[in-house]
Amino acid sequence: MGDLNRGFLKTAGNFESEYGTVDLTGHFSTWDLEHTLLIGTDYYHGVDAGASSEFRGNVPTINVFNPVYGFTQFLNDPIGLLSKTKNEWYGFYVQDQVELWEQWQLLFGSRFDHAEFKVSGSEKRVDEFSPRVGLLYHPVSWLGVYADYVKTFNAANQGTTVTGDIPDPEKSKEYEVGLKGEWLDGKLSANLAFFELTKTKIQTPLPAPFVNKVAVTGEQVSRGIELDLSGQLTDYWNLIATYAYTDTEVTKDSAPLDTVIGSSGSGNTGHRFANVPRNAGSVWTTYDFSGLGAQGFSAGAGVYLASDRAGNIDNSFDMPGYARLDSMLKYQRKVGLSNVTLQFNIENLLDKEYIASSNGFASFIHQTMPGTPRTFLGSVKVEF
């Protein structure tokens with residue numbers, strides 16, 4: 001009773017990366033139109049020069065009610081090389097924000113990406129243009145109505161399928177419409193957004209025996225509503241609140257493991273995403289005690305809430321919802337020419353036990369991660 005199966009995994013790797021970006025922003029006029037022009041480029045280069053791993057399944061069980069630790073049999077075993085990977089990416093982008101009339105603003109632009117990925121002798125090269133366009137209208141001074149469309153090239157898929165191929169890169173497109181309001185000279189603001197995000201070619205790592213292999217989900221769609229509220233309730237008290245309703249669905253799936261494990265069916269079509277709650281929200285409030293004579297002292301508290309979430313893409317189990325309470329105490333003071341901030345945070349103040357996330361691999365392995373217990377964090381910040 002209470003015996004738990006275990007495995008032994010030993011890994012090693014050497015990773016290095018370089019990243020750089022340059023942005024140029026300019027303001028100019030053409031006729032009666034005001035422009036804010038952005039031009040930029042970025043570059044990324046990453047090499048995983050020899051990731052290696054060794055797995056052993058013949059490990060004694062451990063009893064969760066009477067655990068005996070100290071198993072070291074495989075610690076000195078050599079580990080084998082898995083693969084050497086290289087990821088190189090550069091992009092160029094341009095964007096113009098135009099004030100058409102007093103109440104209208106138009107934003108449009110595009111980005112070009114070139115990505116190369118190499119692994120185990122295979123190579124994938126991709127060129128992609130990604131457009132973006134948005135329109136904002138102010139019917140009255142305190143209210144904005146907007147709509148935008150974005151098509152993006154997300155990332156090169158950095159793995160190989162069970163057939164040895166490198167998948168096509170992940171892509172996405174998003175439609176969004178919403179309202180932006182501002183009142184009381186900016187002390188109270190709110191945003192309401194309706195969105196639909198579609199992703200294609202999403203990569204998922206596979207468990208043993210498919211080591212270093214990935215599956216690719218054909219298409220996933222997220223639709224929902226987001227509401228944000230921020231208010232300076234008094235000169236010393238402010239509040240931030242958020243809420244999101246997210247409906248997720250796998251709309252196309254080719255059941256990538258059918259030919260390997262001998263199963264049949266349409267994969268995970270119609271299933272929810274793993275780790276995404278339908279309902280999530282947070283409330284955070286802070287109070288500055290300077291008004292009570294305690295100059296520089298402030299305190300804050302907040303709660304984060306999430307409803308139940310699917311534990312894997314198979315939707316074979318759910319993780320229950322939870323609420324987590326956090327708190328903060330801060331002291332700020334000017335010392336000479338510097339601003340010094342001392343801050344103390346307590347995360348999960350009530351030491352709530354909950355499941356934070358899962359990395360379940362479909363019907364193979366179910367692994368869930370518990371939430372971090374009560375945690376104390378202190379920091380010192382000096383600004384010159």
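The values are calculated or read from the model by the stated rules, or taken from the named source; none is laboratory data. Predicted, not measured: the structure shown is a model, and the values here were computed from it. Cβ: placed from backbone, ideal geometry, glycine included. Neighbour counts: every protein chain shown.
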**Request:** State the number of residues belonging to the range 308-318 that are of a type in the set (A, V, I, L, M, F, W, C) and modelled with pLDDT of 95 or more.
**Result:** 0
**Asked** Which numbered condition trips up L24, out of (1) loosely packed, with under 13 Cβ neighbours inside 10 Å; (2) farther than 30 Å from H114 by Cα?
**Response** (2)
**Failed criterion for V68 (all others in (1) farther than 30 Å from K118 by Cα; (2) in contact (Cβ under 8 Å) with a residue 40 or more places away in the chain; (3) not small (G, A, S) hold)** = (2)
**Message:** Cβ contacts < 8 Å: first residue part of a strand (DSSP E or B), restricted to the range 101-112; second residue small (G, A, S), any location; separation 6+ or different chain. Result?
**Reply:** L106/G134; L107/G134; F108/G134; S110/S130; R111/G91; R111/S130; F112/G91; F112/S130
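Between A274, A255, A280, which is modelled with pLDDT under 95, among the small types (G, A, S), closer than 25 Å to Y322 by Cβ and surrounded by 15 or more Cβ atoms within 10 Å (Cβ to Cβ)?
A274
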**Asked** Out of all the residues in the range 303-321, is one or more among the β-branched types (V, I, T) and in contact (Cβ under 8 Å) with a residue 40 or more places away in the chain?
**Response** yes
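Determine which member of the set F129, F108 is at pLDDT below 95 and of a type outside the set (S, T, Y).
Result of the check over F129, F108: F129.
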**Asked** L38 fails exactly one of the following numbered conditions: (1) at pLDDT 95 or above; (2) exposed (fewer than 11 other Cβ atoms within 10 Å of the Cβ); (3) farther than 24 Å from E116 by Cα. What is the number of that condition?
**Response** (2)
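Using the structure shown, decide if R374 is surrounded by 17 or more Cβ atoms within 10 Å (Cβ to Cβ), in contact with an Asp or Glu (Cβ under 9 Å, 6 or more places away or on another chain) and among the charged types (D, E, K, R).
The answer is no for R374.
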**Request:** Kindly list, by first and then second residue, each pair from a residue in the range 323-347 that is more than 30 Å from D308 (Cβ to Cβ) to a residue that is aromatic (F, W, Y), limited to pairs with Cβ atoms under 7 Å and residues at least 6 apart or on different chains.
**Result:** L329/F344; Y331/F297; L337/F384; S338/F384; L342/Y331
**Asked** List pairs: first in the range 118-132 and part of a strand (DSSP E or B), second of a type in the set (K, R) and at pLDDT below 90, Cβ under 7 Å, 6+ apart or cross-chain?
**Response** K118/K86
**Asked** In the range 56-71, is there at least one residue being of a type in the set (A, V, I, L, M), closer than 23 Å to N5 by Cβ and exposed (fewer than 12 other Cβ atoms within 10 Å of the Cβ)?
**Response** yes
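Table: residues versus (1) at pLDDT 95 or above; (2) buried (at least 17 other Cβ atoms within 10 Å of the Cβ); (3) farther than 27 Å from T242 by Cβ.
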site: A294; (1), (2), (3): no, no, yes
site: A306; (1), (2), (3): yes, yes, no
site: Y322; (1), (2), (3): yes, yes, no
site: S327; (1), (2), (3): yes, no, no
site: S338; (1), (2), (3): no, no, yes
